[in-house]
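The values are calculated or read from the model by the stated rules, or taken from the named source; none is laboratory data. Just so you know, these numbers come straight off a predicted model, no measurement behind them. Cβ atoms come from the backbone with ideal geometry, glycine included; neighbour counts cover every protein chain shown. Remember, those area values only see protein heavy atoms, side chains included, never the ligands or the DNA or RNA. Shrake-Rupley method; radii C 1.70, N 1.55, O 1.52, S 1.80 Å.
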Amino acid sequence: MLFRSFYLFDSKGRFLAWNRNLEQVLGLSADEVARSHPADFFAPEDQPRIASAIAQVFEQGQVMIEAPFLTRDGRNPAYFFNGFRTEVNNQPA
């Protein structure tokens, strides 16, 4: 099954916005997503690669990467991240 999740976060990894699909896929509440960092949604062994991809978005403007999500119920659905830098309130996001 294909889920299209959208989320927006600032350069410190604070979530600014996301769609309900992200909560459903991860099995998290809106409050839990808001308190998380984007790398938290991946297994520890994938987090360095994810952190590098996030940095690349802010430095170069975009990135694509594949890694399985780490969900509350233990599933690991495939995740294809297409990250693009934008601005929110004159700050990179």
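See the values below:
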item: Residue match in region 47-60 (condition: assigned to a loop (DSSP other than H, G, I, E, B) and exposed (fewer than 13 other Cβ atoms within 10 Å of the Cβ)); result: no
item: Condition check for residue 33: aliphatic (A, V, I, L, M), open to solvent by less than 70 Å² (accessible area, probe 1.4 Å), in a strand (DSSP E or B) and closer than 21 Å to residue 17 by Cβ; result: no
item: Residue 28 in contact (Cβ under 8 Å) with a residue 24 or more places away in the chain, on the phi < 0 side of the Ramachandran plot and part of a strand (DSSP E or B); result: no
item: Test result for residue 39, open to solvent by less than 90 Å² (accessible area, probe 1.4 Å), aliphatic (A, V, I, L, M) and part of a helix (DSSP H, G or I); result: yes
item: Scan of region 61-80 for residues that are open to solvent by less than 90 Å² (accessible area, probe 1.4 Å) and farther than 18 Å from residue 23 by Cα, ordered by number; result: 61, 63, 65
